[in-house]
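Right, one structure below, let's go through it.
The values are calculated or read from the model by the stated rules, or taken from the named source; none is laboratory data. Everything numeric here is computed off the predicted structure, so don't read it as measured data. Virtual Cβ from ideal backbone geometry, glycine too; neighbours counted across all protein chains shown. Side chains included, ligands, DNA and RNA excluded: accessible areas come from the protein's heavy atoms. Shrake-Rupley method; radii C 1.70, N 1.55, O 1.52, S 1.80 Å.
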Amino acid sequence: MLTQILKPDGEALALARRIIEGGGLVGFPTETVYGLGANAFDGDAVRSVYEVKGRPQDNPLIVHVHKDYDISKIVCGIPAYAEKLAQKYLPGPLTMVFRSRGTISPVVSCGLDTVGIRVPSHPAAQQFLRCVGLPIAAPSANISKHVSPVTAQHVYADLNGRIPLILDGGRCTGGIESTVLDCTGEVPCILRSGLVTKEMIAEVAGDCKVFIPKAGEKVRSPGMKYKHYSPRCRTMLFSYADRAKAYAEYTRLNGEGQRAYLMCDGACAAEFRPERLLALGDTPEQIAANLYEKLREGEQVADIIIAVAPEEQGGVMAGVMNRLTKACGG
Ligand code: AMP
Ligand code: MG
């Protein structure tokens with residue numbers, strides 16, 4: 001199959017619509033990462049998303065809709081706090097999980113009685129969703145477990161020959177996947193942290209919990225149990241407090257003739273000035289935006305990425321640390 005990369009103009013959007021209506025898949029940009037979309041009503045199309053990615057069958061997809069789509073066709077029991085959150089943060093990088101009406105294909109939610117709904121703010125995502133007019137089930141547009149894609153070229157590198165079209169909306173500015181928020185209870189509960197933080201949610205909803213899986217308890221967001229975001233080279237992760245140890249390891253490995261790269265924030269880079277640097281930036285937002293780009297760059301040039309966690313914690317950094325730990329930890 002030939003994979004086309006097209007700017008999302010009228011002709012490309014019309015092609016995207018024909019592909020989706022025919023049960024095919026389209027790569028599309030969002031403000032977080034690129035998505036791999038299928039018609040959420042079409043079980044066969046959704047099944048092929050899992051096949052193309054090699055995604056585990058029990059990891060549900062998020063349903064993407066344009067900002068005027070009536071989600072009461074798909075979900076029910078929307079609490080008042082979710083309406084308020086939608087007012088404030090949508091379109092944007094927040095996925096809200098509601099009770100399903102059972103109208104979309106059960107393949108989307110892997111048999112769960114809930115559906116994650118997302119209204120992306122990227123203009124090309126809005127244009128694509130509006131042009132298609134259908135709810136689009138989409139995970140990130142990468143091979144399962146690999147680093148999520150933040151450019152059309154990243155999608156192409158993973159899925160070339162497996163999908164017919166990638167809409168190229170440039171580099172994603174958000175950089176990490178959406179916050180997944182369970183809105184089926186009295187108090188919203190974060191299942192996956194992201195750019196819409198606990199603090200931002202609590203400010204509007206009054207309160208916000210964070211789901212921490214306990215041993216033996218049922219996983220509420222199945223995707224969280226899998227290895228994720230991994231570059232195709234060796235990795236190590238050090239805390240900020242251990243950054244001198246990280247630099248010592250970097251020096252030792254390069255001395256042995258290995259290509260070791262230090263991946264760290266601006267403060268750490270200024271302290272050690274490594275020649276082989278994957279610079280993450282200074283603020284939590286910059287670090288989120290650069291993380292996947294730098295992991296993908298790193299796997300091209302490095303034998304080993306030695307990552308140093310930024311000093312700041314909480315807020316957006318909670319999401320960054322979740323991804324960094326899964327990519328480079330363990
Ligand atoms: P991805 O699009 O690849 O970032 O993966 C989607 C994420 O959303 C995974 O972590 C899923 O577990 C989570 N998710 C999707 N639908 C639901 C749902 N109905 N309930 C809980 N988590 C969900
Ligand atoms: Mg993913």
message: Given the DSSP H assignment, sum -39500 (n - 2.57) over each helix run of at least 4 residues in the chain and divide by its residue total; what's the result at 222 nm in deg cm²/dmol, nearest 500?
response: -10000 deg cm²/dmol
field: Residues in region 144-165 reached by a label modelled at Cys110 [backbone nitrogen below 16 Å; 7 Å Cα→Cβ]
entry: 144-146
query: Which pairs break 18 Å Cα to Cα here: Lys73/Lys198; Lys145/Lys245; Lys53/Lys73; Lys67/Lys198; Lys145/Lys294; Lys7/Lys88?
result: Lys73/Lys198; Lys145/Lys245; Lys53/Lys73; Lys67/Lys198; Lys7/Lys88
statement: Share of accessible surface on carbon and sulfur in the chain, whole %, 1.4 Å probe and ligands ignored, is 51 percent
message: Through the Karplus equation 6.51 cos²θ - 1.76 cosθ + 1.60, θ set to phi - 60°, convert the phi angles of region 156-173 into ³J(HN,Hα) values in whole Hz; use x for Gly and Pro.
response: 4, 4, 8, 10, 3, x, 10, 9, x, 8, 10, 7, 9, x, x, 7, 5, 8
- line: Square roots of five times the C-alpha gyration tensor eigenvalues of the chain, ordered largest first and given in whole Å, equal 33, 24, 17
Region 11-156: Rg to Rh, with Rh as the Kirkwood radius over Cα pairs: 0.93
message: With both bridge residues required to lie in the chain, what share of the DSSP beta bridges run antiparallel, to the nearest 5%?
response: 40 percent
- request: Rounded to whole Hz and in sequence order, give me ³J(HN,Hα) for region 240-256 from the Karplus expression 6.51 cos²θ - 1.76 cosθ + 1.60, θ = phi - 60°, writing x for Gly and Pro.
  value: 4, 4, 9, 4, 5, 5, 4, 5, 4, 5, 4, 5, 4, 5, 5, x, 7
- request: In vacuum, with every alpha carbon of region 62-139 counted as one equal point scatterer, what does the Debye formula give for log10 I(q)/I(0) at q = 0.12 Å⁻¹? Two decimals, please.
  value: -0.30
- prompt: So which GluC sites (Glu not before Pro) in region 126-199 end up in coil per DSSP with only 13 or fewer other C-beta atoms within 10 Å?
  reply: Glu186
field: Volume per residue of the C-alpha convex hull in region 123-210, rounded to whole Å³
entry: 135 Å³
- prompt: For the chain, what is the accessible area per residue in Å² when the probe is 1.4 Å?
  reply: 42 Å²
- request: Quick one: P(r) of region 187-316 from all Cα-Cα pairs, 5 Å bins, percents rounded to integers, in order of increasing distance.
  value: 2, 10, 17, 17, 17, 13, 11, 8, 4, 1, 0
